Structures are given as C-alpha cells and as structure tokens.
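To start, the structure itself, in structure tokens.
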Amino acid sequence: TMLCAMAKRFGTDVGFEVANQALQLHGGYGYLSEYGIEKIVRDLRVHQILEGTNEIMRLIVARKMIESAR
C-alpha cells in the first residue's frame, strides 16, 4: 500500500510539473487544442485527483512510516 501510494504521488506530481513547464514554454499557444499540451495537463491534473488525492497518498505514506517506526 505504501509503495503504491508513493509511486502514484511521485508519478503524477512529476508528470504534472513537466507538463506545466511545457505549457509555460509554449505560452498562450499551450492552451490551444492543436498543440495537445493542454490535454496532457488536464489529464495529469485528473490523475492527481483520481483514486485518492495526492494529499491522501502523503497521509497513507506517513501513517505507514510511523507504524513501521514503532
């Protein structure tokens, strides 16, 4: 459970950051559907929310780490 939560959080956060930087690089054109970047940013944002938000994933990891430290 902890490893899955860590992988989901890391993958979606890094993916969104890269896509957001690409969007910034393209400026206003990044929001146009012809470039496809807007779809990638939108999809990654949804994946950050689906199956538990990344904040919940952080809580899962923290709880498992505290349990294992006891």
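Tallying residues that are surrounded by fewer than 11 Cβ atoms within 10 Å (Cβ to Cβ) and either of a type in the set (Asp, Glu) or touching a residue at least 12 places away in the same chain (Cβ under 8 Å) (or both) within segment 1-10 yields 1. In a helix (DSSP H, G or I), surrounded by 12 or more Cβ atoms within 10 Å (Cβ to Cβ) and at pLDDT 90 or above: is that true of residue 66 in this structure? No: the conditions fail for residue 66. Taking the criterion of being surrounded by 14 or more Cβ atoms within 10 Å (Cβ to Cβ) and assigned to a loop (DSSP other than H, G, I, E, B), the residues of segment 11-52 that qualify are 35, 52. Within segment 18-35, residues that are under 18 Å from residue 48 (Cβ atoms) sit with their Cβ atoms under 9 Å from residues that are surrounded by 12 or more Cβ atoms within 10 Å (Cβ to Cβ) and charged (D, E, K, R), at 6+ positions apart or across chains, in these pairs: 19/43; 19/45; 23/38. All of (1) at pLDDT 90 or above; (2) of a type in the set (Ser, Thr, Tyr); (3) farther than 18 Å from residue 4 by Cβ hold for residue 33 with one exception: (1). Under the condition of being at positive phi and of a type outside the set (Asp, Glu), which residue from segment 36-54 is modelled with the lowest pLDDT? Going through the qualifying residues, I end up with 52.
The values are calculated or read from the model by the stated rules, or taken from the named source; none is laboratory data. No experiment lies behind these values; they were computed from the predicted model shown. Please note: Cβ atoms are built from the backbone with ideal geometry, for glycine as well, and neighbour counts cover all protein chains shown.
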